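The values are calculated or read from the model by the stated rules, or taken from the named source; none is laboratory data. None of these values were measured; they are calculated from a predicted model. Glycine gets a Cβ as well: all are built from the backbone with ideal geometry, and neighbour counts include every protein chain shown. In case anyone asks, the SASA skips ligands and DNA or RNA and just uses the protein heavy atoms, side chains included. Shrake-Rupley method; radii C 1.70, N 1.55, O 1.52, S 1.80 Å.
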Amino acid sequence: MNWDWAYTFEILPQMAEASLVTLQATAFGFALAAILGLVWGIIGILEIPVLSFVVRLFIEFVRTTPLLIQLFAMYYFLPQFGIILPAMICGILTLGIHYSAYCSEVYRSGFEQVERGQWEAAKVINLTTWQTLKRVILPQAVPPIILPLGNYFVTMFKETPVLLAITVIELVATARIIGNDTFKYTEPITLAGVFFLLLSLVAAKLTRVVSEKAALPSR
């Protein structure tokens with residue numbers, strides 16, 4: 001196998017630009033997943049009648065159906081109801097909703113690590129439910145779960161190639177297009193793998209740093 005360095009450097013800018021699309025989808029998708037996951041987790045621990053049951057049912061449905069099916073549903077079914085969204089927006093929404101189901105379980109495990117007596121103590125001093133969550137529960141529940149959340153960020157990042165199914169041209173899609181145009185696949189596919197490796201390592205390292213800094217006050 002002959003590696004063409006000139007060809008590699010020629011396609012490198014295009015691959016780097018495509019990696020930004022992948023990062024954008026991951027960043028916005030994970031932000032949505034983290035927010036929705038927190039909402040699902042809070043609804044779950046508050047045991048709100050009917051609503052908590054509906055959320056648990058929704059989470060179970062999302063966790064037991066393939067991401068690709070959810071992606072197709074978002075992109076191809078919604079237009080039948082007059083809702084037409086750009087492919088990138090559909091991809092971000094699908095990634096966010098899908099991973100929110102997993103993030104909610106991470107938040108739930110964090111909430112369970114906070115002693116139940118602290119809820120009772122907050123009630124005794126007349127804190128509202130929102131004040132209790134904001135001032136007492138979340139500051140203790142979130143730091144220990146930063147690493148698991150970071151793992152889902154990296155997992156989502158590696159699943160972004162599925163967006164090609166709805167015409168989002170991200171990193172792997174770009175590598176395939178370049179290969180189809182030039183009939184030289186080794187360099188673009190290898191570059192895509194290198195980009196995924198490097199960005200995943202950076203994300204994992206940043207997650208560990210943030211987790212360690214968040215844990216410092218509790219030591």
Could you tell me whether the range 119-140 includes any residue that is crowded, with 19+ Cβ neighbours inside 10 Å, touching a helix residue (DSSP H, G or I) at 6+ places or on another chain (Cβ under 6 Å) and either more than 14 Å from Ala25 (Cβ to Cβ) or among the hydrophobic types (A, V, I, L, M, F, W, C) (or both)? no
Is at least one residue of the range 64-80 over 23 Å from the mean Cα position of the chain (by Cα) and of a type in the set (S, T, N, Q)? yes
Every residue in the range 1-11 that is in a helix (DSSP H, G or I) and surrounded by fewer than 14 Cβ atoms within 10 Å (Cβ to Cβ), please. Trp5, Ala6, Phe9, Glu10
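Hey, among Ile178, Ile166, which residue is in contact (Cβ under 8 Å) with a residue 60 or more places away in the chain, within 23 Å of Ile89 (Cα to Cα), open to solvent by less than 40 Å² (accessible area, probe 1.4 Å) and among the β-branched types (Val, Ile, Thr)?
Ile166
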Determine if the range 98-111 includes at least one residue that is among the hydroxyl-bearing types (Ser, Thr, Tyr), open to solvent by less than 50 Å² (accessible area, probe 1.4 Å) and within 15 Å of Thr160 (Cβ to Cβ). yes
For residues in the range 61-91 being open to solvent by 60 Å² or more (accessible area, probe 1.4 Å) and polar (S, T, N, Q), which is nearest to Gly29 (Cα to Cα)? Thr64
